Amino acid sequence: MAMTLEQARRVGYTCLKALLRFAFMVANNLVAIPSYVLYLIVLQPLRILDSKSFWYIEGVLFKWLLAMVASWGWWAGYTVVEWGDDVKAVSEDEAMVLVNHQATGDVCTLMMCLQDKGTVVRQMMWLMDHIFKYTNFGIVSLIHGDFFIRQGRTHRDQQLVLLKDHLEKYYRSRNRKWIVLFPEGGFLRKRRETSQAFAKKNNLPFLKHVTLPRLGATQVILKTLVVPQENGTPSGGDTVRKESKSKGLQWVIDTTIAYPKAEPIDIQTWILGYRQPTVTHVHYRIFPVKDVPAEPEALTNWLYQRFIEKEDLLTHFYETGAFPPPQGQTKAISREMTLSNLWLVAIQSFAFLSGGMWYCVFQYLYHCLF
């Protein structure tokens, strides 16, 4: 069937918009990421003299970088509606965030919806696949102190030891509060078949919208970051004594991301913006860490139960377009997450002005030296 003139115009406009958005993203990365690195290089003396202030500044710059990524989706009309518990109430406490994983856009969605949650973004640590280390954002995550985990049975035990060491070395020394991980260990489309086969073999529920989570990283985080209590007083190893002011990990935030028609957004769509404006729905449920079992078998069952609940939440969402109301309530209340366009423009302007400043600095140094 021949394309009509109107269809051709629409396709041409979409392609032009995608090209312009891609050019802007490239320019944005070329000025923002090097500027972040250079600011922190210049501030190294402060890191020695006042580590707390250094990591505060780094956290602010990190939040702004994530806001730039959020702006690419926000300006394309990819917005977020939130459901369930209000996580702003625990934004100043330490929390572990468990998220279902469908596509690369999940990370972008979190970068967006956590922007208005107080200090969370600048004080959070991400656990992500090691392949992200080699992306344009890898250097930022390395400096910030995120952990890159290598998947696969052969690497599992070693990676968990490295994760424990990483948390002990960086989590509280850099004043981190939230840690985000995807317990499924990969994208839904890649793990679903294997997960369903495992569930059938072990008489576990058949899941379509999520996969059975893996225990390892969750268990290490709980063991390392939860402060043991003895008669109300923290006890344990040297790390606990050094961080006696910390109450330790207090909450587990079970986060469920749902896309209309079960069509997730990937990073290419987020950047190019060729998909029509889409509302992503994010559901939160907060659990006190004291209610989370520590024993491996009990923790495995608890974690499985969370993902069985995610399955039910997503099934209800795909059937009705909304998440179900909390137990004991008749109506679910949603909250539209908003970002300030003025604030996003200010951050983008700062990035480009910083890029210009560093260019002038290097030009000046070059002429002085040569």
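Looking only at the range 341-370, filter to residues that are under 30 Å from the mean Cα position of the chain (by Cα) and open to solvent by 60 Å² or more (accessible area, probe 1.4 Å); which one of those is nearest to His281 (Cα to Cα)? Top of the filtered list is Asn341.
Residues of the range 106-122 that are open to solvent by 10 Å² or more (accessible area, probe 1.4 Å), part of a helix (DSSP H, G or I) and either touching a Lys or Arg at 6+ places or on another chain (Cβ under 9 Å) or farther than 15 Å from Ile179 by Cα (or both): Arg122 alone. Screening Ala103 on (1) touching a Phe, Trp or Tyr at 6+ places or on another chain (Cβ under 9 Å); (2) not in a loop (DSSP other than H, G, I, E, B) shows it passes everything except condition (2).
A single entry from Arg191, Arg153, Arg172 fulfils the requirement of being in contact with a Gly (Cβ under 8 Å, 6 or more places away or on another chain) and either closer than 19 Å to Pro288 by Cα or at pLDDT below 95 (or both): Arg191.
Residue count for the range 317-340, restricted to those that are assigned to a helix (DSSP H, G or I) and surrounded by fewer than 16 Cβ atoms within 10 Å (Cβ to Cβ): 3. Of all residues in the range 61-88, those that are assigned to a loop (DSSP other than H, G, I, E, B) have Cβ atoms under 6 Å from Cβ atoms of residues that are charged (D, E, K, R), 6 or more apart or on another chain, in Asp85/Arg285. Is it the case that the range 259-273 has a residue that's in contact with a strand residue (DSSP E or B) (Cβ under 9 Å, 6 or more places away or on another chain), at pLDDT 95 or above and part of a strand (DSSP E or B)? No, the range 259-273 contains no residue that is in contact with a strand residue (DSSP E or B) (Cβ under 9 Å, 6 or more places away or on another chain), at pLDDT 95 or above and part of a strand (DSSP E or B).
The condition (being at pLDDT below 95, among the small types (Gly, Ala, Ser) and more than 30 Å from Leu225 (Cα to Cα)) is satisfied by just one residue among Ala103, Ala18: Ala18. Can you pull out the residues in the range 198-228 that are hydrophobic (A, V, I, L, M, F, W, C), open to solvent by less than 60 Å² (accessible area, probe 1.4 Å) and assigned to a helix (DSSP H, G or I)? Answer for the range 198-228, where residues must be hydrophobic (A, V, I, L, M, F, W, C), open to solvent by less than 60 Å² (accessible area, probe 1.4 Å) and assigned to a helix (DSSP H, G or I): Ala199, Ala217, Val220, Ile221, Leu222, Leu225. Just so you know, in the range 1-60 the residues that are among the β-branched types (Val, Ile, Thr) and free of Cβ contacts under 8 Å to residues at least 12 places away in the same chain include one that is least open to solvent (accessible area, probe 1.4 Å), and it is Val26.
Looking at the range 128-161, which of the residues that are of a type in the set (Phe, Trp, Tyr) and under 14 Å from the mean Cα position of the chain (by Cα) is nearest to Arg174 (Cα to Cα)? Looking at residues that are of a type in the set (Phe, Trp, Tyr) and under 14 Å from the mean Cα position of the chain (by Cα), I get Phe147. Within the range 91-106, one or more residues are touching a residue at least 24 places away in the same chain (Cβ under 8 Å), farther than 22 Å from Thr278 by Cβ and more than 16 Å from the chain's Cα centre (by Cα).
The values are calculated or read from the model by the stated rules, or taken from the named source; none is laboratory data. From a predicted model like this one, the values you see are computed outputs, not experimental measurements. In this analysis, Cβ positions are derived from the backbone assuming ideal geometry, glycine residues included, and neighbour counts consider all displayed protein chains. Surface accessibility is based on the protein's heavy atoms, side chains included, excluding ligands, DNA and RNA. Shrake-Rupley method; radii C 1.70, N 1.55, O 1.52, S 1.80 Å.
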